[in-house]
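The values are calculated or read from the model by the stated rules, or taken from the named source; none is laboratory data. From a predicted model like this one, the values you see are computed outputs, not experimental measurements. Methodologically, a virtual Cβ is constructed for each residue, glycine included, from the backbone with ideal geometry; neighbour enumeration extends over all protein chains shown. Side chains are part of the model used for accessible areas, which takes the heavy atoms of the whole protein and leaves out ligands, DNA and RNA. Shrake-Rupley method; radii C 1.70, N 1.55, O 1.52, S 1.80 Å.
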Amino acid sequence: MTISPGDFDYISKLVVERSAIVLEPGKEYLVESRMRSLLQETHCPSIRELVQKMVREPNGDLKNKVVDAMTTNETSFFRDLHPFEAMKNVVIPDLLKKRESTRQLNLWCGASSRGQEPYSVAMMLLENFPQLTTWKVHYVASDISEKMLARCREGIYSQLEVNRGLPAPLLVKYFDHRATKWQIKDNIRKWVDFKQINLASHWPHLPRMDIVFMRNVLIYFDPPMKKIILGKIRQILKPDGYLFLGAAETTLNLDDAFQRMDIKQSGCYRLREGQAHPSREPASV
Amino acid sequence: MKALIIDDSRTIRQLLSRILHECGWEVVEAGHGQEALEVLAANSDCRLALVDWNMPVMNGLEFVRSVRGEDKHTDMRIMMVTTENDTSNIILALEAGANEYVMKPFNRDVIEKKIALLGLTAA
């Protein structure tokens, strides 16, 4: 299966319009790979036919499916490990002390994908800081794709998915075995407030955050959009809050307000002094 | 670092062996638990054991209990690699002293990530 330059152009324009994710020339392989299962699902024999169908039915659901397929990324539980170690050993202990008077914590996981990332954070928190169950924790997890959010809310994973990166003690503690699948238990699912947010568009109201997990998302945007997104994060992050980016991502040359913390390969950032947004509780950003 | 692969299927041993070799491990093998105890006695520097559950002579769970019942090999991490996928069996293996659990089928990424969880190599 190969994609013609015209069809690649059509799909990359559709994806950038709807998600601001840039598919530069050279990413044809990625489109071909991501379209493979969609072709099966839609019974289209080729990408050519898929594109023609979108042209014929401009308001059909197929465009959403194509954007979903291009913006959904392979992930795993406890991906990269280091950020979770940093949360456990440094970030949460620090915030528990600083928020002792209010006993309130706001977290946002900005790219939920299939849910492994937000649920990994939730399990890490419950496992190591059980006192948080008596705190007021507002834990938002978002994704651009409603389809992925539905999957997240359901919290059902295949055996291969729970094999990838999930420690066995957490599997037996936080998942129910249902035939060939594993479902995350209700107490974790209900802890996470899944919302649809397109990072490249208007953001809904979000409270000032103590922690923003935005890992492996910025890499899909061009530099101007990365700057806009980091600027918006700056507005909602508390002055002493923490931002986590992916291992291959940086704020360098994009937003000088952030300073990388010296915690082993964690991709953890804080705002430099005096760089936090002044308003205490923005209505929306 | 050296790893011990215990599985009665030669195909699975070859597959795991290839994955571990590619990750820089030296590998020794056994076809069942009893043989594994003998291999282990001659290879006390094994840092990791990948253990199937259902095997002739001595099964994987009996092997884990036997190894954990001794004072030797206390630093060796044990990872079950098995088709047994009931929660009760996973708990049984962990309680017997296994450190991790992989349900077959698996791929290289699964094995690598689980080894990283055991702190034996970078993810």
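Please report the carbon-and-sulfur percent of the accessible area for chain B; probe 1.4 Å, protein heavy atoms only, DNA, RNA and ligands left out.
44 percent
If each of A:Lys190 and A:Lys264 carries a label point 7 Å out from its Cα toward its Cβ, how far apart are those two points in nm?
For A:Lys190 paired with A:Lys264, the spin-label model returns 3.8 nm.
Once both axes come from the Cα atoms, what is the angle between helix A:223-236 and the longest principal axis of chain A, in degrees from 0 to 90, rounded to 10?
Approximately 30 degrees, to the nearest ten.
Rounding to the nearest 10 and keeping the result within 0 to 90°, find how far the Cα-based axis of helix A:62-71 lies from the longest principal axis of chain A.
Helix A:62-71 sits roughly 50 degrees off the main axis of chain A.
Suppose every K and R has +1 on its Cβ and every D and E has -1 on its Cβ; what is the size of the dipole of region A:1-154 about the Cα centre, in Debye to the nearest 20? Before the final figure, lay out each step's value.
On the way: 21 positive and 21 negative charges, 95 e Å.
The calculation lands at about 460 debye.
What FRET efficiency do you get for A:Leu96 and B:Val57 if R0 is 56 Å and r is their Cβ-Cβ distance, rounded to the nearest 0.05?
According to the calculation, E is roughly 0.60.
Please work out whether the protein assembly as shown counts as rounded, prolate or oblate from its C-alpha gyration tensor, where a ≥ b ≥ c are the square roots of the eigenvalues and a/c under 1.5 means rounded, while otherwise a/b larger than b/c means prolate and anything else oblate?
oblate
Where the only charges are on Cβ atoms (+1 Lys, Arg; -1 Asp, Glu), what is the dipole of the protein assembly as shown about its Cα centre, to the nearest 20 debye?
On the way: 54 positive and 53 negative charges, 279 e Å.
It comes to approximately 1340 debye.
Per residue, what accessible area does region A:103-247 have, given a 1.4 Å probe and all protein chains present, in Å²?
Numbers: 5050 Å² over 145 residues.
Accessible surface, normalised per residue, equals 35 Å².
Grab the DSSP H runs of chain B that are 4 residues or longer, score each as -39,500 (n - 2.57), total them, divide by all residues and round the 222 nm result to the nearest 500 deg cm²/dmol.
Calculated from helices alone, the mean residue ellipticity at 222 nm is -12500 deg cm²/dmol.
What does a probe at B:Glu38 reach in region B:65-106, counting residues whose amide N is under 19 Å from the point 7 Å along Cα→Cβ?
Residues passing the 19 Å test: B:66-67.
Anything over 24 Å Cα to Cα? Flag those among B:Lys2/B:Lys114; B:Lys2/B:Lys104; A:Lys173/B:Lys113; A:Lys98/A:Lys173, in the order listed. Show your work: numbers first, answer last.
Values: B:Lys2/B:Lys114 16 Å; B:Lys2/B:Lys104 22 Å; A:Lys173/B:Lys113 19 Å; A:Lys98/A:Lys173 30 Å.
Correct reply: A:Lys98/A:Lys173.
Among the listed pairs A:Lys65/A:Lys232; A:Lys190/A:Lys232; A:Lys53/A:Lys181; A:Lys13/A:Lys185; A:Lys181/B:Lys72, which are separated by more than 30 Å between their Cα atoms?
Among A:Lys65/A:Lys232; A:Lys190/A:Lys232; A:Lys53/A:Lys181; A:Lys13/A:Lys185; A:Lys181/B:Lys72, the Cα-Cα distance tops 30 Å for A:Lys53/A:Lys181; A:Lys13/A:Lys185; A:Lys181/B:Lys72.
Could you tell me which of B:Gly60, A:Ile47, A:Met209 has its Cα farthest along the dipole of the protein assembly as shown towards the positive end, charges placed at Cβ (Lys, Arg +1; Asp, Glu -1), taken about the Cα centre?
Result: A:Met209.
Per-residue HN-Hα couplings for region A:20-31, Karplus 6.51 cos²θ - 1.76 cosθ + 1.60 at θ = phi - 60°, whole Hz, x for Gly and Pro?
Residue by residue, region A:20-31 yields 6, 7, 9, 9, 6, x, x, 9, 4, 4, 5, 5 Hz.
At a 1.4 Å probe, what is the % contribution of carbon and sulfur to the accessible area of chain A?
Reported share for carbon and sulfur atoms: 50 percent.
Tell me: how much accessible area in total is hidden between A and B, 1.4 Å probe, Å², nearest 100?
For chain A against chain B, roughly 1600 Å² becomes buried.
Once you charge only the Cβ atoms, +1 for Lys and Arg and -1 for Asp and Glu, what is the size of the charge dipole of region A:5-71 about its Cα centre, to the nearest 20 debye?
Working: 10 positive and 11 negative charges, 15 e Å.
Magnitude of the dipole: close to 80 debye.
I'd like the orientation of helix A:116-128 relative to chain A: the angle between its Cα long axis and the longest Cα principal axis, in ° from 0 to 90, rounded to 10.
Taking the Cα atoms of chain A, the angle to A:116-128 is about 20 degrees.
Compute the length gained on full extension between A:Gln275 and A:Arg178: take 0.36 nm times their separation in residues and subtract their Cα-Cα distance, giving the result in nm to one decimal.
That pair, A:Gln275 and A:Arg178, stretches by 30.1 nm at full extension.
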